[in-house]
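If you scroll down you'll find the structure; I have some questions about it.
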Ligand SMILES: [Zn+2]
């Protein structure tokens, strides 16, 4: 009698333990499947090609999974260090006019944009003239200032690759143009967009290993002419950094990344 009771009690405990184990296994499977789904369906910052996901928990998870990252290239910075594939650009050290070097203007504005973005919690990479092979981020901007023998020529312009490398590049360009033209009040110098801008070496992933990934939207910006005194006043002010930051933030908000 005592022995039968003990057996029954032991069987009951074993059954209970099995139920707990099964429930635990089921729960872990549900969690793992959920995580796998999220990893597969939530867009990474570098593809940017998936539709925006609006649900708040998914947005939170997405940010945890892939923090917002922006690359800002300082045009002509350390051009002498270009690798062999870009050797012809080692002496492309930027314009010089009115006792001002373009690269100094590019650097000052890039640093100021970087500080403003970092204050918003965004990770920023300041990139030199040679970009890391197939660099990826939410977006890349290449900052330049123009110069001309004609001191009257002035204005702002921007370009993505001649045939956009992804569907986001025209959207990024539009946000930048809107913010920059509004804040700087510079004329739009779009008729002077050059072939070198439309086939910018750092965006030419088919030709160069040291280039921005095709999936990362990238735009080159000519922020004004250092050879024009009115433009130079703007370039020396806080306005370019403020305008470029606003353009970037508006783009990231549009993409549901902020
Ligand atoms: Zn330049």
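The values are calculated or read from the model by the stated rules, or taken from the named source; none is laboratory data. In this text the structure is predicted, and so the values were computed from the model without any measurement. Quick reminder, even Gly has a Cβ in these numbers, built from the backbone with ideal geometry, and neighbours come from all protein chains shown.
Run down 210, 160, 175 and say which single residue is within 23 Å of the chain's Cα centre (by Cα), farther than 30 Å from residue 83 by Cβ and surrounded by 18 or more Cβ atoms within 10 Å (Cβ to Cβ). Steps first, please.
Values: 210 fails: farther than 30 Å from residue 83 by Cβ; 160 fails: farther than 30 Å from residue 83 by Cβ.
So the residue among 210, 160, 175 that is within 23 Å of the chain's Cα centre (by Cα), farther than 30 Å from residue 83 by Cβ and surrounded by 18 or more Cβ atoms within 10 Å (Cβ to Cβ) is 175.
Does region 155-181 hold any residues that are part of a loop (DSSP other than H, G, I, E, B), more than 16 Å from the ligand (Cβ to nearest atom) and within 24 Å of residue 241 (Cα to Cα), and which are they?
Filtering region 155-181 down to residues part of a loop (DSSP other than H, G, I, E, B) leaves 155, 160-168.
Checking the rest, the ones that are also more than 16 Å from the ligand (Cβ to nearest atom) come to 160-168.
Those that are part of a loop (DSSP other than H, G, I, E, B), more than 16 Å from the ligand (Cβ to nearest atom) and within 24 Å of residue 241 (Cα to Cα): 160, 161, 168.
For region 220-231, indicate whether the set of residues that are surrounded by fewer than 20 Cβ atoms within 10 Å (Cβ to Cβ) and closer than 21 Å to residue 190 by Cα is non-empty. Talk me through it step by step, then tell me what you get.
Of the residues in region 220-231, the ones surrounded by fewer than 20 Cβ atoms within 10 Å (Cβ to Cβ) are 229-230.
After this cut, where a residue has to be closer than 21 Å to residue 190 by Cα as well, the list is 229-230.
Yes, region 220-231 has at least one match.
Also: I need every pair where a residue in region 165-185 that is free of Cβ contacts under 8 Å to residues at least 12 places away in the same chain has its Cβ under 7 Å from the Cβ of a residue that is outside any helix (DSSP H, G or I), sequence separation at least 6 or different chains.
Note: pairs meeting the criteria are 170/160; 170/164.
What are the residue pairs meeting all of these: first residue in region 94-107, first residue assigned by TED's automatic domain parsing to the domain that holds residue 231 and closer than 17 Å to residue 130 by Cβ, second residue in a helix (DSSP H, G or I) and within 11 Å of the ligand (Cβ to nearest atom), Cβ atoms under 7 Å, and 6 or more apart or on different chains?
94/102; 94/103
Only residues that are within 16 Å of residue 130 (Cβ to Cβ) and within 15 Å of the ligand (Cβ to nearest atom): list them for region 194-217, please.
Those that are within 16 Å of residue 130 (Cβ to Cβ) and within 15 Å of the ligand (Cβ to nearest atom): 200, 201, 202, 203.
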